[in-house]
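The values are calculated or read from the model by the stated rules, or taken from the named source; none is laboratory data. Remember, it's a predicted structure, so these values are computed and weren't measured experimentally. Neighbour counts are summed over all protein chains in view; Cβ atoms, including those assigned to glycine, are modelled from backbone coordinates with ideal geometry. SASA here: full protein model, heavy atoms, side chains in, ligands and nucleic acids out. Shrake-Rupley method; radii C 1.70, N 1.55, O 1.52, S 1.80 Å.
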Amino acid sequence: MNFTKMNGLGNDFVVIAGEQQLPADVADLAVRLCNRFFGIGADGLVYILPSEIADFRMRIINSDGSEAEQCGNAIRCVAKYVYDNGLTDKKEITIETLGAGAQKVQLTVDNGEVASVRVDMGEPILNGLQVPTTIDAERVIEHPIEVDGREFRFTAVSMGNPHCVIYVEDAASFDLNTWGPKLETHPLFPRKINVEFVTVNSRTHTDMRVWERGAGPTLACGTGACATVVASVLNGATDRTATVSLKGGDLLIEWNESDNHVYMSGPAAVSYRGSI
């Protein structure tokens with residue numbers, strides 16, 4: 001099987017194209033290939049498949065074998081892959097995702113290769129039960145949550161996958177490994193949750209660290225960056241356009257007031273190609 005190792009700001013994937021559907025053993029395959037010691041090593045396994053409603057279809061299997069509904073870094077990698085490998089010559093394409101339907105993608109091309117990708121991530125879901133959480137509220141903003149005797153406050157946002165955004169004094173040094181897994185599996189979140197720990201630096205800049213559902217700590221999370229800006233606007237902390245600094249780099253996020261859509265702009269890169 002041929003693969004391309006790609007990353008969006010260090011959030012890395014094993015990308016496979018040319019198949020018509022997912023293999024029956026895809027969960028086990030993802031666990032094996034994503035293992036960083038005995039496999040290729042990645043945060044997830046990404047398949048580029050045919051679509052009946054878009055130019056391409058993306059399926060993401062996390063490193064633990066579970067499936068993600070959406071991934072902002074992966075969709076940028078898919079967009080770069082299909083253009084750079086001649087699967088399309090269009091600079092505006094649509095990519096079907098499991099959780100957010102067909103999403104519009106704009107490509108910036110430099111010397112025949114995609115240099116950056118802008119994705120229409122759609123409208124955020126803010127209803128508590130739809131995120132989903134167990135909280136029956138139109139919006140879940142700064143809601144208390146207790147873990148091992150420590151209380152946090154979170155804002156819930158779905159970008160096709162669920163997120164809880166928590167503000168902390170110093171996101172860069174926050175203890176992800178202790179609190180991330182406990183919050184991910186908290187009873188308030190019936191389908192588990194991605195957890196973003198955020199420090200607001202200014203009206204246009206935040207630092208964010210992420211514990212991803214099914215993958216653990218990653219260097220970047222595109223949907224998490226989108227959720228961070230949406231939550232920060234809801235909390236009056238930032239403007240609608242802001243830069244989110246992640247461990248792997250920066251993403252520019254805009255929550256457009258006129259159409260209520262969130263737009264994400266950032267790079268994608270090829271690490272190497274191989275076969276297994």
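Criterion first (open to solvent by 10 Å² or more (accessible area, probe 1.4 Å) and in contact (Cβ under 8 Å) with a residue 40 or more places away in the chain) does residue 219 satisfy it? It is true that residue 219 is open to solvent by 10 Å² or more (accessible area, probe 1.4 Å) and in contact (Cβ under 8 Å) with a residue 40 or more places away in the chain. Might you let me know whether region 251-273 holds any residue that is under 15 Å from residue 198 (Cβ atoms) and β-branched (Val, Ile, Thr)? Among the residues of region 251-273, at least one is under 15 Å from residue 198 (Cβ atoms) and β-branched (Val, Ile, Thr), which makes the answer yes. Within the set 272, 167, the sole residue that is in contact (Cβ under 8 Å) with a residue 12 or more places away in the chain and surrounded by fewer than 19 Cβ atoms within 10 Å (Cβ to Cβ) turns out to be 272.
The residue that is nearest to residue 180 (Cα to Cα), among those in region 122-147 that are open to solvent by 30 Å² or more (accessible area, probe 1.4 Å) and touching a residue at least 60 places away in the same chain (Cβ under 8 Å), is 142. Does region 22-52 hold any residues that are closer than 16 Å to residue 218 by Cβ, free of Cβ contacts under 8 Å to residues at least 60 places away in the same chain and either in a helix (DSSP H, G or I) or not charged (D, E, K, R) (or both), and which are they? Hits for region 22-52 are 30, 34, 35, 41, 42, 45, 46. When the residues of region 1-17 are filtered to those that are modelled with pLDDT of 95 or more and assigned to a loop (DSSP other than H, G, I, E, B), the one that is surrounded by the fewest Cβ atoms within 10 Å (Cβ to Cβ) is 10. Looking for whichever is at pLDDT 95 or above and closer than 23 Å to residue 254 by Cα here; the options are 62, 73, 85. Which one fits? Checking each option against the conditions leaves just 73. Those strands (runs of 3 or more DSSP E) of region 121-196 in which at least 3 residues are touching a Cys at 6+ places or on another chain (Cβ under 8 Å), considering only elements entirely within it, cover 150-158. Please enumerate the residues belonging to region 225-269 that are open to solvent by 20 Å² or more (accessible area, probe 1.4 Å), touching a strand residue (DSSP E or B) at 6+ places or on another chain (Cβ under 6 Å) and over 20 Å from residue 153 (Cβ atoms). Across region 225-269, the qualifying residues are 240, 241, 243, 250, 252, 254, 261, 263, 265, 267, 269.
State whether the residues of region 107-121 include one that is outside the structural domain of residue 210 (by the TED database), surrounded by fewer than 22 Cβ atoms within 10 Å (Cβ to Cβ), among the small types (Gly, Ala, Ser) and within 28 Å of residue 192 (Cβ to Cβ). Scanning region 107-121, I find no residue that is outside the structural domain of residue 210 (by the TED database), surrounded by fewer than 22 Cβ atoms within 10 Å (Cβ to Cβ), among the small types (Gly, Ala, Ser) and within 28 Å of residue 192 (Cβ to Cβ), so the answer is no.
Against the conditions (1) farther than 18 Å from residue 215 by Cα; (2) in a strand (DSSP E or B), residue 59 satisfies every one except (1).
Entry remark, region 197-225: residues being touching a Cys at 6+ places or on another chain (Cβ under 8 Å) and among the small types (Gly, Ala, Ser) number 1 in total. Within region 191-216, the residues that satisfy the criterion of being in contact with a Gly (Cβ under 7 Å, 6 or more places away or on another chain) and buried (at least 24 other Cβ atoms within 10 Å of the Cβ) are 194, 195, 196, 208, 210, 211.
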